[in-house]
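The next block holds one structure in the form of structure tokens; read it before the comments.
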Amino acid sequence: SCLITNISHIIGDGMSQVEVLYRLIDEEPAKTWEQFEELIADKNESSIEGQDVRAKGKRPKQKVSKFRAAKIFIGGVFGGVFAVFGRPDPKTSLKLKTVTTVSVEKRQALTERIDMEKLKELKSNIEGATINDVLIVLLTICIKKYFDEHDKKKIGKLSASFPINLRARGQDNLDQYGSPHNVWAYGMMPLHLRYKNKIELIWKVKKTLDDAKLSPNPVVQLQLGKMVAPILPLKAMNGVALNVANKATVQLSNVAGPGKAVSIAGYTIDEMAFQLFSPLGLYLGIISYNGQVSCSINADSSLGDPEEIAKHWKVEFDALYDEVMSQGEIRRPRTCF
């Protein structure tokens, strides 16, 4: 049997919707936000969505040079402007030709599951790496494999996005208009589809994700949106919003589900999956549950077959695991900056 829940992202961000999930299961749910944060604290490392900006930081701040910090800041400002007014990624078999025209039909695929303990073992063999770094490396490899098989033409620079809720901590109640204070923007990152080997890809992805945590890109998007919204007609503003949402080739999310098997109405849940039904061309949603990690792929019906991406997930993880573990501890490359 299958239980399907449909919750609008207008109502809540990914973190709050996982809280709804915890209230559906038979175990005693968390009764406050603080209890919920504590409940999933050990799973937060695997989350790539920058949604929970309210949570107290549990990791030490990144130590970066002034030169690198300035570079990230300037790049983030230009990136935020480009996210609103720039051109979308070039057309491929995974990219909508017109970002404002999407079909109502979606195709879904679900990957095989990979073992969380092996995932942790792999990341521990790479200096400074997180589970999230490894998962993005794996997704990048799967997308590259797809293009190698289905897009014969040269692929230009492509990007991925992930939703960020900039809502301030403490704004847990509804405002006077019934809104839950959600303030959405997008984190943007390049897809590194050109690399000599998987180890090089790991460091490219890690640097990108570390920079994204310090980038002002989402804040710039938000402020530009506030500036142009009052002067644009509603139809034009909707077009801008769709353009920002579909600028990247793929949107990513990562949700930490229950770490052990749970049940609903007495029935044990074998597997969990997230699907995003929205005006997006391609969505890849990672979820961990009961010591396993899988990825749901949702694609517009006009795009390529999502099964052709999903089939690489387990195979490429095993190959990545073997390559990394065969080299002993992998040290971070040293640079002047």
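General observations
- Selected residue (criterion: modelled with the lowest pLDDT) from residues of segment 47-84 that are part of a loop (DSSP other than H, G, I, E, B), hydrophobic (A, V, I, L, M, F, W, C) and open to solvent by 40 Å² or more (accessible area, probe 1.4 Å): Val53
Table: residues versus (1) hydroxyl-bearing (Ser, Thr, Tyr); (2) in contact with a Pro (Cβ under 8 Å, 6 or more places away or on another chain); (3) surrounded by fewer than 18 Cβ atoms within 10 Å (Cβ to Cβ).
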{"position": "Ile199", "(1), (2), (3)": "no, no, yes"}
{"position": "Val205", "(1), (2), (3)": "no, no, no"}
{"position": "Ser215", "(1), (2), (3)": "yes, no, no"}
{"position": "Ala229", "(1), (2), (3)": "no, no, yes"}
{"position": "Leu232", "(1), (2), (3)": "no, no, yes"}
{"position": "Lys235", "(1), (2), (3)": "no, no, yes"}
{"position": "Ala241", "(1), (2), (3)": "no, no, yes"}
{"position": "Val244", "(1), (2), (3)": "no, no, no"}
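- Test: residue in segment 282-296 that is open to solvent by less than 10 Å² (accessible area, probe 1.4 Å) and part of a helix (DSSP H, G or I): no
- Number of the exception - Phe277 against (1) touching a strand residue (DSSP E or B) at 6+ places or on another chain (Cβ under 7 Å); (2) crowded, with 18+ Cβ neighbours inside 10 Å; (3) among the hydrophobic types (A, V, I, L, M, F, W, C): (2)
- Contact annotation: residue pairs with Cβ atoms under 6 Å, 6 or more positions apart or on different chains, pairing a residue in segment 283-308 that is farther than 17 Å from Asp151 by Cβ and in contact (Cβ under 8 Å) with a residue 24 or more places away in the chain with a partner that is crowded, with 24+ Cβ neighbours inside 10 Å and of a type in the set (Ser, Thr, Tyr), are Ser294/Thr111; Cys295/Thr111.
- Just one residue in the set Tyr186, Tyr195 is farther than 25 Å from Glu316 by Cβ, open to solvent by 20 Å² or more (accessible area, probe 1.4 Å), modelled with pLDDT of 75 or more and in contact with a Ser or Thr (Cβ under 9 Å, 6 or more places away or on another chain); that residue is Tyr186.
- Top-ranked residue of segment 309-337 - restricted to ones that are free of Cβ contacts under 8 Å to residues at least 60 places away in the same chain and among the β-branched types (Val, Ile, Thr), ranked as surrounded by the fewest Cβ atoms within 10 Å (Cβ to Cβ): Thr335
- Being hydrophobic (A, V, I, L, M, F, W, C), at pLDDT below 80 and surrounded by 12 or more Cβ atoms within 10 Å (Cβ to Cβ) is true of Ile40.
- Yes/no for Pro180 being at pLDDT 80 or above, of a type outside the set (Asp, Glu) and either touching a Ser or Thr at 6+ places or on another chain (Cβ under 9 Å) or open to solvent by 40 Å² or more (accessible area, probe 1.4 Å) (or both): no
- Considering segment 113-139, and only residues there that are assigned to a loop (DSSP other than H, G, I, E, B) and touching a strand residue (DSSP E or B) at 6+ places or on another chain (Cβ under 7 Å), the residue that is least open to solvent (accessible area, probe 1.4 Å) turns out to be Asn125.
- Just so you know, in segment 145-165 the residues that are in a helix (DSSP H, G or I) and either among the small types (Gly, Ala, Ser) or open to solvent by less than 20 Å² (accessible area, probe 1.4 Å) (or both) include one that is farthest from Asp89 (Cα to Cα), and it is Tyr146.
- For segment 287-307, the set of residues classified as more than 15 Å from Glu271 (Cβ to Cβ) and of a type outside the set (A, V, I, L, M, F, W, C) consists of Asn298, Asp300, Ser301, Ser302, Gly304, Asp305, Pro306, Glu307, listed by residue number.
- Of all residues in segment 286-316, those satisfying the criterion of being of a type in the set (S, T, N, Q) and farther than 19 Å from Leu119 by Cβ are Asn298, Ser301, Ser302.
- Screening Ile309 on (1) of a type in the set (Val, Ile, Thr); (2) modelled with pLDDT of 85 or more; (3) over 20 Å from the mean Cα position of the chain (by Cα) shows it passes everything except condition (3).
- Residues satisfying the stated conditions in segment 294-313, i.e. closer than 11 Å to Leu110 by Cα and in contact with a strand residue (DSSP E or B) (Cβ under 7 Å, 6 or more places away or on another chain): Ser294, Cys295, Ser296, Ile297, Asn298, Pro306, Glu307, Ile309, Ala310, Trp313
- Subset of segment 246-271 that is in contact (Cβ under 8 Å) with a residue 24 or more places away in the chain and among the polar types (S, T, N, Q) - its residue that is surrounded by the fewest Cβ atoms within 10 Å (Cβ to Cβ): Ser263
The values are calculated or read from the model by the stated rules, or taken from the named source; none is laboratory data. Quick caveat, the model's predicted, so the values are computed rather than measured. Cβ: placed from backbone, ideal geometry, glycine included. Neighbour counts: every protein chain shown. Side chains included, ligands, DNA and RNA excluded: accessible areas come from the protein's heavy atoms. Shrake-Rupley method; radii C 1.70, N 1.55, O 1.52, S 1.80 Å.
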